[in-house]
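No lab work stands behind these numbers, since they all come straight from the coordinates. Every value quoted in this text rests on a predicted model; they were computed, and no experiment measured them. Cβ placement follows ideal geometry from the backbone for every residue including glycine, while neighbour counts extend to all protein chains displayed.
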Amino acid sequence: MVEKKRLLVVTGGGDCPGLNAVIRAIVRRALLHYGWEVLGSEDAFNGILQDPERVDPLDLDSVRGILSRGGTILGTTNKGDPFNFPVERPDGKLELRDRSDDVIRWCREHKIDCVVSIGGDGSAKIAQKLFEKGLNVVCVPKTIDNDLDCTDYTFGFLTAVATATDAVDKLHTTGESHHRIMVLEVMGRYAGWIALASGIAGGADHILIPEIPYDLEKVSAGIKKGLRAGRRPYAVVVVAEGAKPLGGEALVTDPGKPGYGMPRLGGIGLRVSEDLQKLTGIEARYTVLGHLQRGGSPVAFDRILGSEFGVHAVDMVAHGKFGQMAAFKTPGMTEVSIAQAIANYKVVELDGAMLHCARGLGIGFGD
Ligand code: F6P
């Protein structure tokens, strides 16, 4: 019999379909199986660092009916790193302070046995630093980008792919009718998984991803060759927001401020469509899918995966597996050290099966 414990759940970084499935699973496993208590801090650690405090007990009622809901009932932020916490000075300027001791003190005072941190790479890095300072932490990997290492999938990814695939399908019909090049910009900061998967699923002609610097002359030559024989050409190009030309860099719309998240990427869809129009002489249009990929109801796979992560994370606490991240490695759940999980991004492997499939289908990558 494991002694009665008290967990604090936080969701950090960008939201992601399936977060509520994880929260629900954590609460149900902790309460129904172990008889523990669960608290939730709003907007990552901001709920305990800001005045007034925003921390609530999570019971079976609070997680009823949330499985199919997008977003997170706890709220989230990418402006809440306790080690670089933005604090407004009396003169209105922002100053970054290390408030990690406040987090640890709060957890001790409230007799928290473990923090379950649901988040992406940034949240996992914060969790690792808190763990190194003595806090018991368990991580659950979340990102639509699917770029967290040591897990085959993160929940949210396949929902984003479904949304992007639907967009590719729609761009085909309008692109074909007007004989245009249709460019779709999707998310994917360091890794092109969403672009690659939706490009294959939607039958794109070209896919541009951060892992393969592109040459638009090659994309243009491919389009002009008339892949769709006997008809006036049209083409669908899916481009990840982090894609870069040979010798160039990803486009940034806002470099951001320290402590206030990462630089914002964007603009590559417009750039690629304008350049392809010039190079091919074919009219081009672009669409930026943006946060539609993060919103809405999770597909069944993400609900199942999120539920598995939640149950496993609570079991990890029961077995004292602190400083570790739940991971899905076929055929099922396991765990890895957070340190190992954050050492590298999981990018599209150049010799991997998915890229092999795409190339086998004749999809171009601008290389
Ligand atoms: O981490 C997922 C992600 O969707 C990235 O692909 C994207 O660059 C980022 O979030 C955008 O986040 P936000 O608009 O919330 O700053």
Looking only at segment 158-295, where both bridge partners belong to it, what percent of the DSSP beta bridges are antiparallel (to the nearest 5)? 10 percent
Along segment 334-340, Karplus-curve 3J(HN,Hα) (6.51, -1.76, 1.60; θ = phi - 60°) to the nearest Hz, with x for Gly and Pro, reads 8, 8, 9, 5, 4, 4, 5
In nm, give the distance between the simple-model label positions of GLN340 and THR174, each being 7 Å from the Cα along the Cα-to-Cβ direction. 4.6 nm
Residues of segment 169-209 with amide N under 17 Å of the 7 Å Cα→Cβ point at LEU270: 183-187
Under 27 Å, Cα to Cα: Lys pairs in segment 158-295, sequence gap 8 or more or different chains: 13
Lys, Arg +1 and Asp, Glu -1 on Cβ, resulting dipole of segment 158-295 about Cα centre, debye, nearest 20: 200 debye
Whole-Hz ³J(HN,Hα) from phi, Karplus 6.51 cos²θ - 1.76 cosθ + 1.60, for segment 62-72, glycine and proline x: 5, 10, 6, x, 9, 4, 8, 8, x, x, 9
If you average the alpha carbon positions of segment 312-345 and of segment 50-98, how far apart do those two centres end up, in angstrom? 24 Å
Given H placed on each backbone N at 1.01 Å, which residues far from ILE181 in sequence or on other chains put an amide H within less than 5 Å of it? ALA235, GLU283, ALA284, ARG285
List the residues, sorted by chain then number, that are 5 or more residues from GLY40 or on another chain and whose placed amide H is less than 5 Å from its amide H. VAL9, ASP56, LEU58
Considering only DSSP beta bridges with both partners in the chain, what is the antiparallel share in %, to the nearest 5? 35 percent
Please list, ordered by chain and number, the residues whose modelled amide H lies under 5 Å from the amide H of GLU335; skip anything fewer than 5 residues away on the same chain. ALA327
In a Gaussian network model of the chain with springs linking alpha carbons closer than 10 Å, the residue among PRO90, PRO210, PRO245 that fluctuates most is PRO90
³J(HN,Hα) across segment 37-49 via Karplus (A = 6.51, B = -1.76, C = 1.60, θ = phi - 60°), whole Hz, x for Gly/Pro? 10, 10, 10, x, 9, 6, 6, 6, 7, 4, x, 9, 9
Positive-end extreme of charge dipole, segment 158-295 - chosen from ALA250, ILE200, TYR286 (charges on Cβ): TYR286
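Stretched out fully, how many nm does the piece from HIS356 to ASP56 gain, at 0.36 nm a residue minus the Cα gap? Intermediate values should be presented prior to the final figure.
Working: separation 300, 0.36 × 300 = 108.00 nm, distance 4.80 nm.
Full extension of this stretch gives 103.2 nm more.
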Going from the fewest other Cβ atoms within 10 Å to the most, one would list MET262, MET325, MET182 as MET262, MET182, MET325
